[in-house]
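The values are calculated or read from the model by the stated rules, or taken from the named source; none is laboratory data. Remember, predicted model here, so these are calculated numbers, not experimental data. Heads up, the Cβs are rebuilt from the backbone with ideal geometry, glycines too, and the neighbour counts pull from every protein chain shown. Just so you know, the surface numbers come from the protein's heavy atoms only, side chains and all, with ligands and any DNA or RNA stripped out. Shrake-Rupley method; radii C 1.70, N 1.55, O 1.52, S 1.80 Å.
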Amino acid sequence: MNKDTLKNITSKRLFLPIVCLIAVLLVNVIKTPDFFKISLENGVLSGYIIIVINRASELVILAVGMTLVTAASGGQDISVGAVMAVAAAVCCQILSGGATSVTSLAAPLILAIIAGILASALCGAFNGFLVAKLNIQPMVATLILFTAGRGIAQLITKGQITYIRVDSYKTFGGYIGKCPIPTPIFIAIIVIVITQIILKKTALGLYIESVGINGTASRLVGLNSTLIKFLTYVICGIMAGIAGVVASSRIYSADANNIGLNLEMDAILAVALGGNVLGGGKFNLMGSVIGAYTIQALTTTLYAMNVKADQLPVYKAIVVIIIVVLQSPVFKKFLANQKAKKLSNTASAEGGK
Amino acid sequence: MENNVVLDMKDVSKTFPGVKALQHVDFKLRKGEIHALMGENGAGKSTLIKVLTGVHDFESGTITMAGTNIVNKSPQDAQSHGISTVYQEVNLCPNLTVAENLFIGREPRKFGFIDWRTMNKKSAELLKNLDIDANATDKLEECSLAKQQMIAIARAVDMKCQVLILDEPTSSLDDEEVEKLFVLMRRLKSEGVGIIFVTHFLEQVYEVCDRITVLRNGTLVGEYEVADLPRVKLVSKMMGKDFDDLADIKGDHKKLEKFVPVIEAKGVGRKGSIKPFDFVANKGEVVGLTGLLGSGRSELVRAIYGADKPDSGKILVNGQEAKINAPIDAMKLGMAYLPEDRKKDGIIADLSVRENIILALQAKKGMFHLMSHKEMEEAADKYIEMLQIKTASRETPIKSLSGGNQQKVIIGRWLLTNPEYLILDEPTRGIDIGTKTEIQKLVLNLADQGMAVTFISSEVEEMLRTCSRMGVMRDGKKVGELTGDELTQEGIMKAIAGGDGNE
C-alpha cells in the first residue's frame, strides 16, 4: 500500500514534464511521419530523434547544474552560457598554444579539458561566493559573469576564434572511433548518472532541499547553509564547463561570441518545465532532464517545420506560457477545488440515496 | 429567530484532500457580543475563519449576514460585507506611518492627490476615540506590537465592520498590553460590533467573552454561555475526554540528589543581545528561564548553543572547555535546541515528517554518511508512535500538520540525536492544552532518564509544574535564580519585576 502511494507521488511529479514531451513528440509524428526513423548513414546513426537527443546534450548538462542552484538558493545562475565560452576558450587556448589555428595539439588533451573545467568551476565559485557568503540575489550576482564572461573568453583567446583541427579533440562533439552514437549523448548520460549517484548516496540532495526551503532552520539543525549554496554554484560552474567543452568540440573551435549563446534561458526553462519551483526547495532532477529534451525537441520540430531561427522565441514563449499557467498555484488550487467539489457532490448524492 | 444575529453560518462543510476540515458546522454571532471560538489545534477554528473571510471556499452550507446570503470569494469581498480580520501576525506595513496604515487603499483625496492633512487629522481622531496612545505620523515599526495590533483593529473598526475577527491577538502580548486590548474590545462591544475571539488562553476567554463555541475534529461540539461552562468542562469539551491530569504531574518526578553539571557557562555574553552570564545545567534537572518577552531568555540559550556566537566567556561541556562556532559544534557536544519560532526556525515546511525527524541526526552524521531508507523510516515511525504525532503518513509534508503536531515532530527530531542537554524554547506556544500537558510530562520523563533540560515558557504555571530551578532574566541580563520555596507564582513575578533582593 505504502509503496503504491510513493509510486503515485513520483509519477505525479514527473507527470506534467512527460506529458509535455509526449505532446511535442506527437506533433512531430503527425507533421513528419519518419520522425522516429533511425537509419545508419556512413556508419553513424541518423534521424530526427538522434539529432534531438544529440543536440540536447549541452542543455541537459546545464539543466542538471541549474536544478541544484535553483533548489538551494531559490534563484538562477544566468551566467552559465558565458561560462561555457570561458571554459571553451581556456581549453582551446591551451591546446593551440596561442596560435589561431592548429593541426596538432600543443598540450595534452586531458590537461586542457581539466583546465577548462577548472576555469568554469572558478567562475561558479565566484558566483557562489557572491550569493552564499555576501547574500546577493542570484540573478544580480550572476549578472556580473553573464556580461563579463564572454569578454573574459575574448581576452583569453586574444579576440580571435581559435581553431583546433585535430580529430582527437573533435571526439567530444562527434563520435568515438567507429561508435555510431554521438559522444555528447554519452557525456550527458554520464553526467546525469554521476549526479544521481551523488544525490542518492550522500545526503547532499536532502541538504540542498532543506537549505532551499528554510535556511535559518537548516542552520539550527547543524547544516552549513552557506557552504551548501556555495557548493551548488561550483557544481553548476563545472557543468557549464563540461557543456562548454562539448559545444566547442562540435565546432572544433572556441567561438567566444556564440558558444552557449542564450542557453542559460533554455536551461532555466528546462528546470521550470521539469516541474521544479523556481523559488527553490524540493527539486526533481529527472524532471529538468526531461524538460531539457522537450525544449530541444521543440526547437528541432520548429526548424523541421521551416520556422525561421529568429521567429523561434515566439513559439517557445507560447509553450512557456502554457506550462507556467498549468503549474501556477492558482490553477492548481482551482483544479483541487473542482475535484473536492465533485467528490463531495457524489458523496452527498450517495448519502441521499 | 433572534433578530440581533449579525452573522449566521449554517451547515458549513469543507474538505481538504484527505481531511474533512469542517463537517456541518453552525456558528452564530450576535450583535455586541464577544464570542470565543475554542478548540484544540486542528479542530477547524482557522478553517472556519478562513471560509468566512473568503480565503478558502466551502463545499456546502450557507453564510447569512443581516438576513441576506453572502458568499465571500476573497478577504476584500469579506471586508466589503463588513467582516474584518486581525491576525496574530500583524499584516500592516511597518515602514509606513500609522495614518498611512489606517487609510491604505482608501486614502482621502483632493483633486486626485492624497490629502495628507485630512488623513492625518482623521487618523488622530480615530486613535483618540479608541484611546490608542500613538501618533498618526509615527512610523508603525516604532510602535510596540500591542499598539500595532490595536492599530490594525482601529483600521478594521473605521471600515465600519460589523464582525471583527481576532485570531490569536494576544499570544505575543504581555499582560498589561492584553489588558489594554480587552478595554478596546469591550468598547467595540458596547458599540454593537460582534467580535469573534480565537485564543488558546483560557483565562482570557473567561475574562472578556460572553459565549463560547467549541469545535473538535472539524465538528461542532456546542455553543455555550460562558457562565454555564466552567473551565474544566470547557477543557473536557475541547479534548473530548475528562480532564484530570492537569493538576499534578510533578508527583512522581525524582528529586535530584547529586548535581553533575553537563553545561557550565562562565561569563558568556554577546554584545547587543545578552550581558555576560553564568549558567549551569545539571544532569537530570529541569531548569527554567523566566522573564518578560525580549528579556534575553532566548538569547541566553542561543549563545550557549552557538546559534548566535558569543563574544566573551567560555562554555564547559562535561567539565571540558568547548569551542562552539556554529550549531553543528554544539550538536556534536550533545546539545539540542528547539527554537522559539517554530515556523521560521524549526520546521522545513515542504519536507516530509520523516525528513524533518531525521534531519538533525543526518546533519550530525555528515553528508557522506546518508542514513538508509530503512533507518530513516524506523526512526520516523518510532517517534510518530512515541509522541503520538497525528499525521496521515510519515511522507506527509510537515506543513500540513497542525501546530502541535509540528512541534512534536521537532521534538522527535532532537530526541533522535540522543542529546545530553536539551533546550526547549517555548515548546508549548500556540499548542492546545492536551498536547501541552503531554509535552510537560515528556520533559520530566527525559530529566528522570538523566537528560539536562532547559525549559523556557511565558506561562508561569507551566514552568512551576516542570522546573526545579529557575533563572530570572531582565533586560538582557540574568539577574538571579530561584529554587525551592521561592518557586511560587508570586516569587517569580516579584523576581521578574525586580525591586527587592533577588540580585
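Of all residues in the range B:329-346, exactly one satisfies the criterion of being within 7 Å of chain A (Cβ to nearest Cβ) and of a type in the set (A, V, I, L, M), namely B:M331. Across the range A:130-146, the number of residues qualifying as crowded, with 19+ Cβ neighbours inside 10 Å and β-branched (V, I, T) comes to 2. Considered as a group, the residues in the range B:373-406 that are open to solvent by less than 10 Å² (accessible area, probe 1.4 Å) and within 13 Å of another protein chain (Cβ to nearest Cβ) include one that is nearest to B:V317 (Cα to Cα), and that residue is B:A380. Can you work out which of the residues in the range B:192-242 that are touching a His at 6+ places or on another chain (Cβ under 8 Å) and part of a loop (DSSP other than H, G, I, E, B) is surrounded by the most Cβ atoms within 10 Å (Cβ to Cβ)? Within the range B:192-242, the match that is surrounded by the most Cβ atoms within 10 Å (Cβ to Cβ) is B:C209. In the set (1) of a type outside the set (S, T, N, Q); (2) open to solvent by 10 Å² or more (accessible area, probe 1.4 Å); (3) touching a Leu at 6+ places or on another chain (Cβ under 6 Å); (4) within 14 Å of chain A (Cβ to nearest Cβ), the condition left unmet by B:A349 is number (3). If only residues of the range B:109-147 that are among the basic types (K, R) and out of contact with any Pro (no Cβ under 8 Å at 6 or more places or on another chain) are counted, the one that is nearest to B:E179 (Cα to Cα) is B:K147. Filtering the range A:186-203 to residues that are assigned to a helix (DSSP H, G or I), free of Cβ contacts under 8 Å to residues at least 12 places away in the same chain and either more than 14 Å from every other protein chain (Cβ to nearest Cβ) or open to solvent by less than 40 Å² (accessible area, probe 1.4 Å) (or both) leaves A:F186, A:I189, A:I190, A:V193, A:I194.
Every residue, every condition in (1) under 30 Å from B:P327 (Cα atoms); (2) more than 14 Å from every other protein chain (Cβ to nearest Cβ); (3) in contact with a Pro (Cβ under 7 Å, 6 or more places away or on another chain); (4) not in a loop (DSSP other than H, G, I, E, B), yes or no:
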| site | (1), (2), (3), (4) |
| --- | --- |
| A:I181 | no, yes, no, no |
| A:P184 | no, yes, no, yes |
| A:T226 | yes, no, no, yes |
| A:Y233 | yes, yes, no, yes |
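Inspect the range B:321-344 for any residue being under 30 Å from B:E176 (Cα atoms), of a type in the set (G, A, S), modelled with pLDDT of 90 or more and crowded, with 24+ Cβ neighbours inside 10 Å and give the result as yes or no. Within the range B:321-344 (the criterion being under 30 Å from B:E176 (Cα atoms), of a type in the set (G, A, S), modelled with pLDDT of 90 or more and crowded, with 24+ Cβ neighbours inside 10 Å), the answer is no, since none of the residues qualifies. The set of residues from the range B:318-359 being in a helix (DSSP H, G or I) and of a type in the set (A, V, I, L, M) comprises B:I328, B:A330, B:M331, B:V353, B:I357, B:I358, B:L359.
Inspection of the range B:84-91 finds a residue satisfying the criterion of being closer than 22 Å to B:E176 by Cα and free of Cβ contacts under 8 Å to residues at least 40 places away in the same chain. Total residues in the range B:374-399 satisfying the condition of being assigned to a helix (DSSP H, G or I) and touching a residue at least 40 places away in the same chain (Cβ under 8 Å): the figure is 2. For the range A:45-76, a residue qualifies if it is over 17 Å from A:V289 (Cα atoms) and open to solvent by less than 10 Å² (accessible area, probe 1.4 Å), and the qualifying residues are A:A72, A:G75. Among residues of the range B:101-118 that are of a type outside the set (F, W, Y), those with a Cβ under 7 angstrom from a residue that is exposed (fewer than 12 other Cβ atoms within 10 Å of the Cβ), sequence gap 6+ or separate chain, pair up as B:D115/B:R109. B:E385 passes every criterion in (1) within 17 Å of B:I357 (Cβ to Cβ); (2) in contact with a helix residue (DSSP H, G or I) (Cβ under 8 Å, 6 or more places away or on another chain) apart from (2).
To keep it simple, each residue is scored yes or no on (1) part of a loop (DSSP other than H, G, I, E, B); (2) among the charged types (D, E, K, R); (3) under 29 Å from B:A227 (Cα atoms).
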{"site": "B:L37", "(1), (2), (3)": "no, no, yes"}
{"site": "B:G42", "(1), (2), (3)": "yes, no, yes"}
{"site": "B:K73", "(1), (2), (3)": "yes, yes, no"}
{"site": "B:D77", "(1), (2), (3)": "no, yes, no"}
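Looking at the range B:301-318, which of its residues are open to solvent by 50 Å² or more (accessible area, probe 1.4 Å) and away from chain A (no Cβ under 14 Å)? Passing the criteria: B:D311, B:G313, B:K314, B:N318.
When the range A:264-286 is filtered for residues that are open to solvent by 20 Å² or more (accessible area, probe 1.4 Å) and charged (D, E, K, R), the ones remaining, listed by number, are A:D266, A:K282. Residue-level check: of (1) free of Cβ contacts under 8 Å to residues at least 40 places away in the same chain; (2) surrounded by 14 or more Cβ atoms within 10 Å (Cβ to Cβ); (3) away from chain A (no Cβ under 12 Å); (4) closer than 25 Å to B:L333 by Cβ, B:L370 misses just (3). Counting the residues of the range B:420-443 that are within 22 Å of B:P261 (Cα to Cα), assigned to a helix (DSSP H, G or I) and either touching a Gly at 6+ places or on another chain (Cβ under 8 Å) or open to solvent by 10 Å² or more (accessible area, probe 1.4 Å) (or both) gives 1.
Within the range B:460-477, the only residue that satisfies the criterion of being open to solvent by less than 60 Å² (accessible area, probe 1.4 Å) and either modelled with pLDDT under 80 or in contact with a Pro (Cβ under 9 Å, 6 or more places away or on another chain) (or both) is B:V460. Applying the condition of being of a type in the set (F, W, Y) and at pLDDT below 85 to the range B:210-261 and asking which residue is nearest to B:T483 (Cα to Cα) yields B:F259. Looking across the range B:136-154, the residues that are modelled with pLDDT of 85 or more and open to solvent by 40 Å² or more (accessible area, probe 1.4 Å) come down to B:T137, B:D138, B:K139.
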